Amino acid sequence: MDKQRQQQAYENYVKQKTPVHNLPVNMAKAFAAGGVICTIGQVILSFCEKAGLDKDISGGWTSMILVMLSVLLTGFGIYPRIAKWGGAGTLVPITGFANSVAAPAIEYKKEGQVMGIGCKIFTIAGPVILYGVFTSWLLGFAYWLLKISGILS
């Protein structure tokens with residue numbers, strides 16, 4: 001009987017500590033957060049184009065400014081709070097990638113330039129880069145094979 005009571009107490013403890021998620025609310029928050037980031041990007045893009053830059057150059061500046069803003073907000077501890085609220089809406093855009101590189105650099109700087117920042121900076125972003133590059137290579141190789149075999153012209 002004692003073991004059964006212990007098991008019940010443990011199950012109650014787990015239920016109490018397990019966070020409850022509301023999927024529709026989380027999706028709405030992610031949509032809103034991602035939408036705000038994209039709106040900021042569009043404002044930057046429009047500003048650059050109005051300043052006389054062509055579309056490609058404006059897009060480059062927009063990406064760089066969004067990355068810079070994300071890194072600054074990460075450094076000041078603001079972006080993690082936004083990401084906690086907005087979830088995937090803040091992680092999917094380029095700002096989320098910049099945050100995933102900057103956060104470990106800030107966290108591990110106390111371990112030194114080489115063993116801290118140098119070794120740990122890509123702990124989160126590394127797999128994304130690795131699989132992105134590998135998938136791009138694989139698709140490029142498949143495209144090349146289809147081109148030389150005459151299937152694609």
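A few remarks follow.
- Taken over region 76-102, the residue count meeting the criterion of being hydrophobic (A, V, I, L, M, F, W, C), loosely packed, with under 15 Cβ neighbours inside 10 Å and part of a helix (DSSP H, G or I) is 1.
- Verdict on Gly87 being small (Gly, Ala, Ser) and touching a residue at least 60 places away in the same chain (Cβ under 8 Å): yes
Let's see how each residue does on (1) in contact with a Cys (Cβ under 7 Å, 6 or more places away or on another chain); (2) modelled with pLDDT under 80:
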| site | (1), (2) |
| --- | --- |
| Ser58 | yes, no |
| Ala88 | no, no |
| Val92 | no, yes |
| Ile121 | no, yes |
| Pro127 | no, no |
| Thr135 | no, no |
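- Number of the condition not met by Phe122 [criteria: (1) part of a helix (DSSP H, G or I); (2) of a type outside the set (S, T, N, Q); (3) within 24 Å of Thr74 (Cα to Cα)]: (1)
- Qualifying residue in region 38-50 (condition: loosely packed, with under 10 Cβ neighbours inside 10 Å, without any contact (Cβ under 8 Å) to a residue 12 or more places away in the chain and not β-branched (Val, Ile, Thr)): yes
- Taken over region 68-85, the residue count meeting the criterion of being closer than 24 Å to Phe47 by Cα and out of contact with any Phe, Trp or Tyr (no Cβ under 8 Å at 6 or more places or on another chain) is 5.
- Meets criteria (assigned to a helix (DSSP H, G or I), under 17 Å from Ile78 (Cα atoms) and of a type in the set (Val, Ile, Thr)) for Ile44: no
The rows are residues; the columns are (1) surrounded by fewer than 16 Cβ atoms within 10 Å (Cβ to Cβ); (2) among the acidic types (Asp, Glu).
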residue: Asp54; (1), (2): yes, yes
residue: Ile117; (1), (2): no, no
residue: Phe141; (1), (2): yes, no
residue: Ile148; (1), (2): yes, no
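The values are calculated or read from the model by the stated rules, or taken from the named source; none is laboratory data. In this text the structure is predicted, and so the values were computed from the model without any measurement. As a convention, Cβ positions derive from the backbone with ideal geometry for all residues, glycine included, and neighbour counts pool all protein chains shown.
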